[in-house]
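Report on the structure given below.
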Amino acid sequence: MTHPRTTVAKIWDAHRILSDAGSDLLWIDRHYLHEGSHHAFARLRTGNRPLRHPELTFGVADHYAPSAQARATEVTGTMIARLQRNTSDFGVDSFGMGDPRRGIVHVAMPEQGLTLPGLSIVCGDSHTATHGAFGAFAFGIGASEVAHVLATQTLWQKPPPVMRIRVTGTLPQGTTAKDLALAIIGQIGTGGATGHAVEYAGPAIAALSMEERMTLCNMTIEMGARSGLVPADQTTFDWLKGRPMAPTGADWDAAVAEWRTLAPDEGATYDRDVALDAGTVAPMVTWGTSPEQVAPVTGRIPADATPDSLSYMGLTAGAQIDSIAIDRAFIGSCTNGRLADLQAAARILKGQRVAVPLLVSPGSEAVARQAEASGLADIFRAAGAEWGASGCSLCVGMNGDQVAAGERCASTSNRNFRGRQGPGARTHLMSPEMVAAAALTGRITDARALSAKATP
Amino acid sequence: MTPITTLTGTAAALPRANVDTDQIIPARFMSRSRTDGYGDQCFHDLRFDEAGAPRADFPLNDLAQAPGILVAGDNFGCGSSREAAVYALLDYGVAAVIAPSFADIFRSNAGKNGLLTIALDAETVQSLTDMLTDQPAMPADIDLPAQRLTIGPRQLDFDIDARLKHRLINGLDDLAATLQDLPRIEDFEGRYYAARPWAIPQKQTAAQG
Ligand code: SF4
């Protein structure tokens with residue numbers, strides 16, 4: 001009899017090839033690439049090495065994809081072309097501009113059925129943790145590791161300590177997975193899970209949709225964790241079945257049978273345990289330059305807030321969160337750029353006009369098509385928002401979309417770091433509902449008050 | 001990789017927690033090639049104002065040259081997986097960072113490129129920071145085989161992962177070493193996919209939405 005194991009341990013054991021001095025060489029099932037992979041390809045070319053498993057490697061243009069042609073630059077064009085050349089030279093299927101499968105890597109790959117339970121998944125991007133929503137062990141890596149996976153389809157890793165975050169209760173009306181993630185980060189801090197693999201557990205987690213699980217696992221990296229994982233269940237299987245590249249027929253049945261064995265064993269022990277009652281979560285808003293600098297929309301900036309962060313943000317300690325005026329708003333990113341996120345924002349915006357510029361960038365071409373077909377895109381346009389093309393857009397100031405220095409942006413993305421949305425930009429993270437509400441009033445606003453009036 | 005045994009230089013403090021990768025190297029510089037060098041971009045927006053003038057409030061701007069050994073705050077290198085953060089520090093002249101804790105991916109990237117990351121308890125880091133704030137650019141050295149760090153009058157032992165230490169001292173490249181194990185990897189692959197044919201992605205005949 002083996003001792004009770006966590007889901008992470010089960011996946012780890014199935015992927016261990018060999019061990020050396022406390023590290024294990026792991027088999028990698030899926031390797032996702034974006035424009036940032038150019039360093040790793042350069043290394044492959046210098047070393048004259050082949051790419052070992054092109055059929056397990058998939059590329060996508062997202063970080064430099066312009067959300068509007070008018071904002072495309074020489075750099076965005078070069079970076080996208082470079083990815084296309086690298087992937088085609090090495091025989092990798094890559095979703096480039098014009099490909100209907102294209103989108104932000106953490107939105108598009110699950111849509112295609114490439115992300116599956118029980119797999120080891122890597123990408124040269126820290127938000128790879130998103131794919132853990134499917135019960136996969138997924139983590140971000142740097143360029144040297146990307147080159148290592150390209151050349152060997154393996155990676156050296158030390159077994160991480162595993163932290164269980166158990167969430168009981170029910171998320172109150174008007175709060176979302178984004179608020180839950182921000183509340184957890186507020187509780188344990190941005191270094192609270194450093195080096196850990198996080199496994200989510202509890203009834204509040206089981207009740208989340210796949211989209212919500214992705215939002216939560218996406219933000220897990222902001223706790224310092226290496227990965228975040230929700231054990232796969234019927235919600236996962238139902239979402240995946242019939243996706244273009246998911247297993248079919250007998251393979252599907254065998255896969256589901258194996259996936260069912262990956263739930264954590266009764267009595268499995270965790271290196272750390274954190275508990276939270278979802279019922280205590282309110283709509284959350286970051287006020288500083290780190291995701292842990294967060295407060296409920298009904299609260300205030302703490303009296304002991306870091307002066308450094310406050311001066312960058314142009315705010316004062318003790319100020320009421322919902323008194324903060326904003327200059328612009330952004331809905332999108334791998335955290336909150338999925339159809340359900342756009343639907344939630346549209347419910348608030350429907351029939352109203354925005355008070356400040358709002359940019360909406362769907363997380364993928366598939367999301368964009370569904371939003372167009374269902375009339376969501378028209379709701380945004382009618383509200384005066386800009387309906388952009390899919391990509392990382394305003395989440396990161398590198399594709400032509402930027403917030404100007406000193407400007408304040410309400411954003412559904414995941415990082416409020418200094419300069420993240422552009423040099424000197426001030427970012428407030430919140431849910432899609434909350435960004436929509438802020439866009440309507442021009443200041444940070446409790447979306448629950450507005451949604452009471454809105455018709456679904 | 002060049003073998004690393006001892007590092008000698010000066011030490012300086014950057015007493016801030018959560019120095020994220022966007023602060024180490026802003027995303028807008030990420031399209032550069034490795035060979036172009038990243039030293040000028042290191043801490044760019046902390047070092048320079050919008051007009052490109054050095055900021056008075058950035059402690060490292062007072063130094064004649066970049067510190068070889070940087071003493072920083074908690075959770076250093078948090079944020080994105082960009083390895084350029086490590087390139088930037090190395091190109092700027094930093095060979096080792098000392099902090100109470102590091103972000104995971106940053107630390108792993110550092111190890112691959114020979115940037116030492118030394119975690120010491122918060123109290124010790126604070127006392128080093130205080131010492132270096134009083135007297136910036138103190139002479140310092142690191143003896144990797146002995147796992148000993150010297151800054152001015154202070155001598156400290158540090159921990160390092162055994163496998164990483166071996167690789168750094170011998171200048172071994174991870175990738176070349178792994179390729180020696182190719183037969184064992186191939187053997188694993190055979191067994192793995194025999195048991196899990198479903199784990200190979202379905203081929204697509206045409207692009208589908
Ligand atoms: S949307 Fe933002 S966080 Fe997500 S992959 Fe793109 S840049 Fe990274």
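Would you check if there is a residue in the range A:71-92 being within 18 Å of the chain's Cα centre (by Cα) and touching a residue at least 24 places away in the same chain (Cβ under 8 Å)?
No, there is no match, as no residue in the range A:71-92 is within 18 Å of the chain's Cα centre (by Cα) and touching a residue at least 24 places away in the same chain (Cβ under 8 Å).
Quick check on my filter: what residues within the range B:26-45 are part of a loop (DSSP other than H, G, I, E, B) and basic (Lys, Arg)?
B:Arg32
Restricting attention to the range A:335-344, which residues are of a type in the set (Gly, Ala, Ser) and within 16 Å of the ligand (Cβ to nearest atom)?
Residue satisfying the conditions is A:Gly337 alone.
Yes/no matrix, rows are residues, columns are (1) in the same structural domain as A:Val107 (by TED's automatic domain parsing); (2) modelled with pLDDT of 95 or more:
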| position | (1), (2) |
| --- | --- |
| A:Gln153 | yes, yes |
| A:Pro172 | no, yes |
| A:Ala177 | no, yes |
| A:Gly192 | no, no |
| A:Tyr200 | no, yes |
| A:Asn218 | no, yes |
| A:Glu222 | no, yes |
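Let me confirm something: among A:Gly96, A:Gly140, A:Gly113, which residue is in contact (Cβ under 8 Å) with a residue 24 or more places away in the chain and touching an Asp or Glu at 6+ places or on another chain (Cβ under 9 Å)?
Numbers: A:Gly96 fails: touching an Asp or Glu at 6+ places or on another chain (Cβ under 9 Å); A:Gly113 fails: touching an Asp or Glu at 6+ places or on another chain (Cβ under 9 Å).
Residue meeting the stated conditions: A:Gly140.
May I ask you to say which residue of A:Arg420, A:Arg415, A:Arg448 is basic (Lys, Arg) and surrounded by fewer than 24 Cβ atoms within 10 Å (Cβ to Cβ)? Break it down stepwise before answering.
Numbers: A:Arg420 fails: surrounded by fewer than 24 Cβ atoms within 10 Å (Cβ to Cβ); A:Arg415 fails: surrounded by fewer than 24 Cβ atoms within 10 Å (Cβ to Cβ).
The match here is A:Arg448.
From the residues in the range A:392-411 that are out of contact with any His (no Cβ under 8 Å at 6 or more places or on another chain) and among the aliphatic types (A, V, I, L, M), which one is surrounded by the most Cβ atoms within 10 Å (Cβ to Cβ)?
Filtering the range A:392-411 for residues that are out of contact with any His (no Cβ under 8 Å at 6 or more places or on another chain) and among the aliphatic types (A, V, I, L, M), the one surrounded by the most Cβ atoms within 10 Å (Cβ to Cβ) comes out as A:Leu394.
Given (1) aliphatic (A, V, I, L, M); (2) open to solvent by less than 40 Å² (accessible area, probe 1.4 Å); (3) free of Cβ contacts under 8 Å to residues at least 60 places away in the same chain, where does B:Ala56 come up short, assuming only one miss?
(2)
Are there helices (runs of 4 or more DSSP H) fully within the range A:143-240 with at least 3 residues that are open to solvent by less than 20 Å² (accessible area, probe 1.4 Å) and more than 14 Å from chain B (Cβ to nearest Cβ)? List them.
A:177-188, A:210-220
Within the range A:349-371, track down each residue that is more than 16 Å from the ligand (Cβ to nearest atom) and open to solvent by less than 10 Å² (accessible area, probe 1.4 Å). It would help to see each step written out before you state the result.
Of the range A:349-371, the ones more than 16 Å from the ligand (Cβ to nearest atom) are A:349-358, A:369-371.
Within the range A:349-371, A:Leu349, A:Leu358, A:Ala371 qualify.
Starting from residues that are assigned to a loop (DSSP other than H, G, I, E, B) and away from the ligand (no atom under 16 Å from the Cβ), keep the ones in the range B:66-83 and report whichever is nearest to the other protein chains (Cβ to nearest Cβ). Write out each step before concluding.
Applying the first criterion (assigned to a loop (DSSP other than H, G, I, E, B)) to the range B:66-83 yields B:66-68, B:73-75, B:77, B:79-83.
Next, from what is left, pick out any that are away from the ligand (no atom under 16 Å from the Cβ): B:66-68, B:73-75, B:77.
On the way: B:Ala66: 21, B:Pro67: 21, B:Gly68: 22, B:Gly73: 10, B:Asp74: 6, B:Asn75: 4, B:Gly77: 10 Å.
Among residues in the range B:66-83 that are assigned to a loop (DSSP other than H, G, I, E, B) and away from the ligand (no atom under 16 Å from the Cβ), the one nearest to the other protein chains (Cβ to nearest Cβ) is B:Asn75.
State which residue is nearest to the chain's Cα centre (by Cα) when the search covers only the range B:100-131 and only residues that are closer than 27 Å to A:Gln421 by Cα and more than 16 Å from the ligand (Cβ to nearest atom).
If we filter the range B:100-131 for residues that are closer than 27 Å to A:Gln421 by Cα, which is where we start, we get B:101-110.
Now restrict to residues that are more than 16 Å from the ligand (Cβ to nearest atom): B:101-102, B:104, B:107-110.
Values: B:Ser101: 12, B:Phe102: 9, B:Asp104: 10, B:Arg107: 5, B:Ser108: 8, B:Asn109: 6, B:Ala110: 3 Å.
Taking the candidates together, the pick is B:Ala110.
Return only the number of the condition from (1) out of contact with any strand residue (DSSP E or B) (no Cβ under 8 Å at 6 or more places or on another chain); (2) within 14 Å of the ligand (Cβ to nearest atom); (3) farther than 28 Å from A:Asp265 by Cα that A:Pro100 does not satisfy.
(2)
Yes/no per residue for (1) within 17 Å of B:Ala103 (Cα to Cα); (2) within 16 Å of the ligand (Cβ to nearest atom):
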{"site": "A:Ile188", "(1), (2)": "yes, no"}
{"site": "A:Thr194", "(1), (2)": "yes, no"}
{"site": "A:Met210", "(1), (2)": "no, no"}
{"site": "A:Thr215", "(1), (2)": "no, yes"}
{"site": "A:Ile221", "(1), (2)": "yes, yes"}
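Considering only the range B:1-41, how many residues are away from chain A (no Cβ under 11 Å) and open to solvent by 60 Å² or more (accessible area, probe 1.4 Å)?
Number satisfying all stated conditions: 7.
Mind counting the residues in the range A:372-391 that are within 11 Å of the ligand (Cβ to nearest atom) and either open to solvent by 10 Å² or more (accessible area, probe 1.4 Å) or over 15 Å from A:Ala61 (Cβ atoms) (or both)?
0
Looking only at the range A:241-273, how many residues end up being more than 14 Å from chain B (Cβ to nearest Cβ) and surrounded by 18 or more Cβ atoms within 10 Å (Cβ to Cβ)?
Going through the range A:241-273 one residue at a time, the tally reaches 3.
Can A:Arg300 be described as free of Cβ contacts under 8 Å to residues at least 40 places away in the same chain, more than 16 Å from the ligand (Cβ to nearest atom) and not small (Gly, Ala, Ser)?
When the stated conditions are applied, A:Arg300 passes them.
Return the only residue of B:Ala88, B:Ala96 being in contact with a Leu (Cβ under 6 Å, 6 or more places away or on another chain), more than 12 Å from chain A (Cβ to nearest Cβ) and open to solvent by less than 50 Å² (accessible area, probe 1.4 Å). Even if it seems obvious, please write down each step before you answer.
Details: B:Ala88 fails: in contact with a Leu (Cβ under 6 Å, 6 or more places away or on another chain).
Of B:Ala88, B:Ala96, the one residue that is in contact with a Leu (Cβ under 6 Å, 6 or more places away or on another chain), more than 12 Å from chain A (Cβ to nearest Cβ) and open to solvent by less than 50 Å² (accessible area, probe 1.4 Å) is B:Ala96.
For the range B:108-128, which residues satisfy the criterion of being among the hydroxyl-bearing types (Ser, Thr, Tyr) and either open to solvent by less than 10 Å² (accessible area, probe 1.4 Å) or within 14 Å of chain A (Cβ to nearest Cβ) (or both)? Even if it seems obvious, please write down each step before you answer.
Going residue by residue through the range B:108-128, those that are among the hydroxyl-bearing types (Ser, Thr, Tyr) are B:108, B:117, B:124, B:127.
Answer for the range B:108-128, where residues must be among the hydroxyl-bearing types (Ser, Thr, Tyr) and either open to solvent by less than 10 Å² (accessible area, probe 1.4 Å) or within 14 Å of chain A (Cβ to nearest Cβ) (or both): B:Ser108, B:Thr117.
Does A:Gly442 satisfy being surrounded by 24 or more Cβ atoms within 10 Å (Cβ to Cβ) and either away from the ligand (no atom under 13 Å from the Cβ) or under 19 Å from the mean Cα position of the chain (by Cα) (or both)?
It is false that A:Gly442 is surrounded by 24 or more Cβ atoms within 10 Å (Cβ to Cβ) and either away from the ligand (no atom under 13 Å from the Cβ) or under 19 Å from the mean Cα position of the chain (by Cα) (or both).
Regarding A:Gly332, is this residue more than 14 Å from every other protein chain (Cβ to nearest Cβ) and within 16 Å of the ligand (Cβ to nearest atom)?
Judged against the criteria, A:Gly332 is a match.
Identify all residues within the range A:129-142 that are in contact with a Lys or Arg (Cβ under 9 Å, 6 or more places away or on another chain) and either open to solvent by 10 Å² or more (accessible area, probe 1.4 Å) or within 7 Å of another protein chain (Cβ to nearest Cβ) (or both); write none if there are none.
A:Gly140, A:Gly142
Among strands (runs of 3 or more DSSP E) lying entirely in the range B:130-209, which contain 2 or more residues that are more than 12 Å from every other protein chain (Cβ to nearest Cβ) and surrounded by fewer than 17 Cβ atoms within 10 Å (Cβ to Cβ)?
Once the strands (runs of 3 or more DSSP E) in the range B:130-209 are filtered for at least 2 residues that are more than 12 Å from every other protein chain (Cβ to nearest Cβ) and surrounded by fewer than 17 Cβ atoms within 10 Å (Cβ to Cβ), what remains is B:138-143, B:154-157.
The values are calculated or read from the model by the stated rules, or taken from the named source; none is laboratory data. This is a predicted model, so every value here is computed, not measured. Glycine also receives a Cβ, built like all others from the backbone with ideal geometry; neighbour counts cover every protein chain displayed. The area values use the complete protein model at the heavy-atom level, side chains included, leaving out ligands, DNA and RNA. Shrake-Rupley method; radii C 1.70, N 1.55, O 1.52, S 1.80 Å.
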